[in-house]
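Enquirer: Below: one structure in structure tokens.
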Amino acid sequence: FDLKDLNGNTWNAEAMKGKLVLVDYWATWCAPCRKMMPMLDKLHAKYKARGFEILSVSIDEKRDALDKFLKGRKFPNPVLFDTEKTWQKWGVKNIPATFLVKDGQIVAQWTGKPSEKDLAAKIEVNLSKPGVFRP
């Protein structure tokens with residue numbers, strides 16, 4: 001995993017070190033993906049201060065579609081355009097596909113729209129375990 005967000009910042013193992021990261025594979029044309037966004041925003045706000053980050057990885061084929069979708073929308077977390085087709089390497093067959101990554105390891109994953117309760121429980125458990133930065 002080595003991608004740049006829309007601000008030009010590189011996200012890789014080094015950038016994610018010390019954080020619990022939710023990698024969300026989505027696309028602008030995916031209705032369930034768009035429906036998840038408010039829930040992810042809420043979780044990001046709740047846990048960010050404890051070392052939690054969300055990376056929204058767009059698998060749209062054309063960057064123009066992503067740019068058009070994002071115009072006038074605010075994302076509180078980094079948005080990445082999957083120029084390297086990492087979704088294939090991660091075995092993504094359907095979206096939304098969501099992975100919780102800690103210390104370079106996938107500790108939980110979901111296909112489809114997970115419940116907020118399930119996501120929060122997995123985030124909480126993994127933030128409570130040693131190895132994740134807590135300011």
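All of the numbers you see were taken from the coordinates with simple rules; none came from a lab. Given the structure is predicted, the values throughout are model-derived calculations rather than measurements. Cβ atoms come from the backbone with ideal geometry, glycine included; neighbour counts cover every protein chain shown.
Enquirer: Could you point to the residue in Trp90, Leu127, Phe69 farthest towards the positive end of the chain's charge dipole, with +1 and -1 charges on the Cβ of Lys/Arg and Asp/Glu respectively?
Expert: Of the options given, the answer is Leu127.
Enquirer: OK, next. Measure out, as a whole number of angstrom, how far apart the alpha-carbon centroids of the range 9-83 and the range 85-110 sit.
Expert: Value for the Cα centre distance between the two parts: 13 Å.
Enquirer: With +1 on each Lys and Arg Cβ and -1 on each Asp and Glu Cβ, how big is the dipole of the chain about its Cα centre, in debye rounded to the nearest 20?
Expert: Details: 24 positive and 16 negative charges, 81 e Å.
Dipole magnitude for the chain comes out near 400 debye.
Enquirer: A further question follows. Please list, by residue number, every one of the GluC sites (Glu not before Pro) in the range 50-135 that is coil in DSSP and has at most 16 other beta-carbon atoms within 10 Å. Working shown, then result.
Expert: Numbers: sites: Glu53, Glu61, Glu84, Glu116, Glu124; in loops: Glu61, Glu84.
For GluC sites (Glu not before Pro) across the range 50-135 that sit outside H, G, I, E and B with at most 16 neighbouring Cβ atoms in 10 Å, the list reads Glu61, Glu84.
Enquirer: Where nothing but the Cβ of Lys and Arg (+1) and of Asp and Glu (-1) is charged, how large is the charge dipole of the range 1-63 around its Cα centre, in debye to the nearest 20? List each step's numbers first, then the result.
Expert: Working: 11 positive and 8 negative charges, 59 e Å.
Using Cβ point charges on Lys, Arg, Asp and Glu, the range 1-63 gives about 280 debye.
Enquirer: Shifting gears a bit: Which residues make up the longest stretch of the chain clear of trypsin sites (Lys or Arg not before Pro) that lie in a DSSP loop with no more than 11 other Cβ atoms within 10 Å, not counting the sites? Working shown, then result.
Expert: Details: sites that count: Lys17, Lys62, Lys71, Arg73, Lys74, Lys85, Lys93.
The answer is 18-61.
Enquirer: Compute, for the range 75-135, the length of the dipole vector about the Cα centre, with Cβ point charges of +1 (Lys, Arg) and -1 (Asp, Glu) only. Units Debye, rounded to 20. Write down the numbers at each step before the final one.
Expert: On the way: 9 positive and 6 negative charges, 22 e Å.
It comes to approximately 100 debye.
Enquirer: Okay, next question. Among DSSP beta bridges whose residues both lie in the range 53-112, state the antiparallel percentage, nearest 5. Please report the intermediate quantities before stating the final value.
Expert: Details: 6 of 9 bridges.
So the antiparallel bridges amount to about 65 percent of the total.
Enquirer: Using the Kirkwood radius over C-alpha pairs as Rh, can you work out the diffusion coefficient of the chain via Stokes-Einstein at 37 °C, viscosity 0.692 mPa s, in µm² per second? Working shown, then result.
Expert: On the way: Rh = 15.0 Å.
Rounded, D is 219 µm²/s.
Enquirer: State, as an integer percentage, the relative contact order of the chain based on alpha-carbon contacts under 8 Å between residues 6 or more apart. If you can, show how the numbers build up before the last one.
Expert: Numbers: 211 pairs, mean separation 45.2, N = 135.
RCO, the chain: 34 percent.
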